[in-house]
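The values are calculated or read from the model by the stated rules, or taken from the named source; none is laboratory data. Bear in mind the structure is a predicted one, so any value in this text is a computation, not a measurement. Ideal geometry is used to build each Cβ from the backbone, glycine not excepted, and the neighbour counts take in all protein chains shown.
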Amino acid sequence: MVDYSKLFSEGEPVLFLDQKDREYYDILKSGKQKNIRGDILIHDEIIGKQEGFRLISKRNNFFRVFRPTLAEYTRLMRRGAQVIYAKDISHILVWADIYPGAKVVECGLGSGALTSFLLRAVGGRGKVISYEIRPDFINNATKNIDTFVGLKKNHTVREIDIYEQFVDKNVDRLILDVPEPWRAVASAADALRPGAVLCSYSPTILQVRDFVQKLHELKTFTRIQTHEIMLREWKVDDVSVRPMLRMVAHTAFLTTARKYQVD
Ligand SMILES: C[S@@+](CC[C@H](N)C(=O)[O-])C[C@H]1O[C@@H](n2cnc3c(N)ncnc32)[C@H](O)[C@@H]1O
């Protein structure tokens, strides 16, 4: 777990930036070395230091050493399933209105990227419950979560097929990141309290269409909105001020809906 009040210590993730701002990643371990294209960085020269310092490699190159931000970490973490990227997670946190103290259910856990942000956002008074069908993914995600945000008493993982079973009730916010979200809509409606927000993340628009159709059929959801987030980075220096030549053109669509009380 990353502890910002302390100096670098064993077991925490670390980000190296070279002089061209290229990034490299590792988990700190005493006695370990990081090999970057034949050049060597020594972990023991990092442990006990404050982040941001300049580390000199065996070949006399400079690297700045940081704790990755959570967004950087989720990009670099060990993958079981494909993670949701920061541009979409930031949208989920705002449009699904994740708040301190909320009871949030997410389906599925995957690599634990979204979970890590949800745990931060709900804080100690809130709860995150993650449904996941694959035990190997649960194992990997748990390690990922532990490495950065730490294992929390307010995080529960349920090894369950959400199309078959759903055990939680009175849920404030529910996030779906599964291949067939329309199959979970009826259970989600049952689990959510009136006024709650449902949010689904789907890579293809056909998934969105089927999901939204199901929402309409149930007649307990309103304010159904679908968004796609495009993030374009710019290069800004003296001679060249322009958009970067490459970007991630598409990840997924995000649909949110509000549950109402049936009169
Ligand atoms: C794309 S991944 C989720 C990634 C996760 N949101 C993250 O940011 O790391 C989708 C996950 O849903 C799980 N899943 C698929 N169908 C499921 C089901 N019926 N019940 C529970 N989990 C399911 C998969 O095993 C996979 O781990």
Within the stretch 232-253, is there a residue that is at pLDDT 95 or above, part of a strand (DSSP E or B), more than 12 Å from the ligand (Cβ to nearest atom) and within 29 Å of Gly80 (Cβ to Cβ)? yes
Mind checking whether some residue in the stretch 64-71 is crowded, with 22+ Cβ neighbours inside 10 Å, under 25 Å from Leu151 (Cβ atoms) and among the charged types (D, E, K, R)? no
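Suppose we filter the stretch 229-248 for residues that are of a type in the set (D, E, K, R) and either on the phi > 0 side of the Ramachandran plot or under 24 Å from the mean Cα position of the chain (by Cα) (or both); how many remain?
3
Touching a residue at least 24 places away in the same chain (Cβ under 8 Å) and surrounded by 14 or more Cβ atoms within 10 Å (Cβ to Cβ): does that describe Thr226?
Answer is yes for this residue.
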Pick from the stretch 254-263 the residues that are surrounded by fewer than 20 Cβ atoms within 10 Å (Cβ to Cβ) and in contact (Cβ under 8 Å) with a residue 24 or more places away in the chain: which of them is farthest from the chain's Cα centre (by Cα)? Val262
So in the stretch 108-123, with the set limited to residues that are in contact with a Leu (Cβ under 8 Å, 6 or more places away or on another chain) and surrounded by fewer than 24 Cβ atoms within 10 Å (Cβ to Cβ), which one is nearest to Tyr85 (Cα to Cα)? Phe117
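Per-residue answers, yes or no, for (1) under 22 Å from Ala191 (Cβ atoms); (2) touching a strand residue (DSSP E or B) at 6+ places or on another chain (Cβ under 7 Å):
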| position | (1), (2) |
| --- | --- |
| Arg79 | no, no |
| Ile84 | yes, yes |
| Asp88 | no, yes |
| Leu93 | yes, no |
| Pro100 | yes, no |
| Val104 | yes, yes |
| Gly108 | yes, yes |
| Gly112 | yes, no |
| Ser116 | no, no |
For the stretch 74-104, how many residues meet the condition of being surrounded by 21 or more Cβ atoms within 10 Å (Cβ to Cβ) and among the polar types (S, T, N, Q)? 1
Specify which of the listed residues (Arg75, Arg64, Arg37, Arg120) is among the basic types (Lys, Arg) and within 17 Å of Lys143 (Cβ to Cβ). Arg75
Can you work out which of the residues in the stretch 155-181 that are in contact with a helix residue (DSSP H, G or I) (Cβ under 7 Å, 6 or more places away or on another chain) and more than 12 Å from the ligand (Cβ to nearest atom) is farthest from Gly110 (Cα to Cα)? Lys169
Which of the numbered conditions does Thr147 fail, given that it passes all the others? Conditions: (1) closer than 25 Å to Phe253 by Cα; (2) touching a Pro at 6+ places or on another chain (Cβ under 8 Å). (1)
State whether the residues of the stretch 37-44 include one that is of a type outside the set (Lys, Arg) and touching a residue at least 40 places away in the same chain (Cβ under 8 Å). no
Does Arg79 satisfy being within 16 Å of the ligand (Cβ to nearest atom), under 17 Å from the mean Cα position of the chain (by Cα) and among the basic types (Lys, Arg)? yes
Considering only the stretch 83-134, state which residues are over 18 Å from Phe148 (Cα atoms) and near the ligand (Cβ under 10 Å from one of its atoms). Asp88, Ile92, Glu106, Cys107, Gly108, Tyr131, Glu132, Ile133, Arg134
List pairs: first in the stretch 73-102 and at positive phi, second away from the ligand (no atom under 13 Å from the Cβ) and assigned to a loop (DSSP other than H, G, I, E, B), Cβ under 6 Å, 6+ apart or cross-chain? Gly101/Arg125; Gly101/Gly126
Select the strands (runs of 3 or more DSSP E) contained entirely in the stretch 124-217, then report the ones holding at least 1 residues which are surrounded by fewer than 20 Cβ atoms within 10 Å (Cβ to Cβ). 155-159, 192-202
